[in-house]
């Protein structure tokens, strides 16, 4: 029984191996070809970018764990940033209320997504894409009421570009969020129930877990994380534009999947998802330092994502299961079956 439990644990954990191998190989390549990528100056610039992607990817991970995909991330981040600028009106006295308003709006968008997907049983891909377009229209309309080149309140931008112990404040926020999410998912009743909803919804329903409620809450918390990423990015940039979230459509999905999450729903790892965000961000930084054209950067980045999908957690698990079945098959059974 103990051996069986240990074997199951090894098989489950194996889905998170590829992202760590990918990071190791990338660091070796960087040390050989472009060591400037991990110089102190370059690395200090990279860490906030890692945090933005990691926070958005953790939100996407929650949705993926329910078997869905959320395509509203870019426009949620953009609208949140616009609200921080508009509601903040450039004054520090209105900063807190502006951030709270922006995050509440983000959660409202998540509520709409969750309701349409969970309650009305609509396709999450289509729903979130449609909602994203609605949010995009709202962002454009709202931005028209904000003065050109308006900035976030100075306290936010000062804090966002500051450091603690030589590391960006934004990166520390990403660490804190990752730790809190890990604790919630692993060590709380609600977290364990949520994981069971994604892994085996039928069994979860039989034991009385309110599946629909958990899915709705997952979309709301995901949108809250997108909103947090949007606030931090707005503070980092200072004067956000309507293109602020454009690069966060595919990357969070890629980070979640490369980090071991299954697109069919189920278990996922916060730490591995953050490791995947680190890999993708560091890869992008390396390509820029190498002086590749934007076109070649997109090509290389896309190939890396495809490669990550090819060796995703689901494929690793299936490969190991086939290997174990082969090892457990009695000697001579294959030849006996072939003779028949």
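Data overview
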read-out: The chain, relative contact order [Cα under 8 Å, separation at least 6], %; value: 34 percent
read-out: Global form of the stretch 146-233, assessed from the alpha-carbon gyration tensor, a/c cut-off 1.5; value: oblate
read-out: Extension reserve of the residue 213-residue 161 stretch, reckoned as 0.36 nm per residue once the Cα distance is removed; value: 14.9 nm
read-out: Cα-based helix-to-principal-axis angle, 294-310 vs the chain, degrees rounded to 10; value: 40 degrees
read-out: Residues 180, 127 arranged by fewest to most Cβ contacts within 10 Å; value: 180, 127
read-out: Helix 2-13 axis, angle to the chain major axis (alpha carbon atoms, nearest 10°); value: 40 degrees
read-out: Ordering of 44-56, 217-229 by packing [mean C-beta count within 10 Å, highest first]; value: 217-229, 44-56
read-out: Gyration tensor verdict on the stretch 223-290 (Cα atoms; rounded if a/c is under 1.5, prolate if a/b is larger than b/c, oblate otherwise); value: oblate
read-out: Exposure proxy ranking, count of Cβ atoms within 10 Å, fewest first, for 85, 63, 112; value: 112, 85, 63
read-out: Förster radius 41 Å - calculated FRET efficiency between residue 148 and residue 41, Cβ distance, rounded to 0.05; value: 0.80
read-out: Cβ crowding within 10 Å averaged over residues, with 131-143, 20-32, 275-287 ranked highest first; value: 275-287, 131-143, 20-32
read-out: Cα gyration tensor, the stretch 178-297 - rounded (a/c under 1.5), prolate or oblate; value: prolate
read-out: Distance between modelled label sites at residue 31 and residue 96, nm, 7 Å Cα→Cβ extension; value: 4.8 nm
read-out: Protection-proxy order for peptides 77-83, 66-72, each taking the mean of Cβ atoms within 10 Å per residue, highest first; value: 77-83, 66-72
read-out: Rough spin-label spacing in nm, given labels placed 7 Å along Cα→Cβ, for residue 121 and residue 199; value: 2.6 nm
read-out: Among 95, 232, 103: highest mean-square fluctuation, GNM of the chain, C-alpha pairs under 10 Å; value: 95
read-out: Degrees between helix 73-88 axis and first principal axis of the chain (Cα, 0 to 90, nearest 10); value: 30 degrees
read-out: Relative contact order, percent, the stretch 21-141 [alpha-carbon distance under 8 Å, six or more residues apart]; value: 27 percent
read-out: Estimated distance in nm for a label pair at residue 140 and residue 182, the labels positioned 7 Å out from Cα along Cα-to-Cβ; value: 4.2 nm
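Since every read-out is calculated from the coordinates, none of them should be taken as a lab result. Just so you know, these numbers come straight off a predicted model, no measurement behind them. Heads up, the Cβs are rebuilt from the backbone with ideal geometry, glycines too, and the neighbour counts pull from every protein chain shown.
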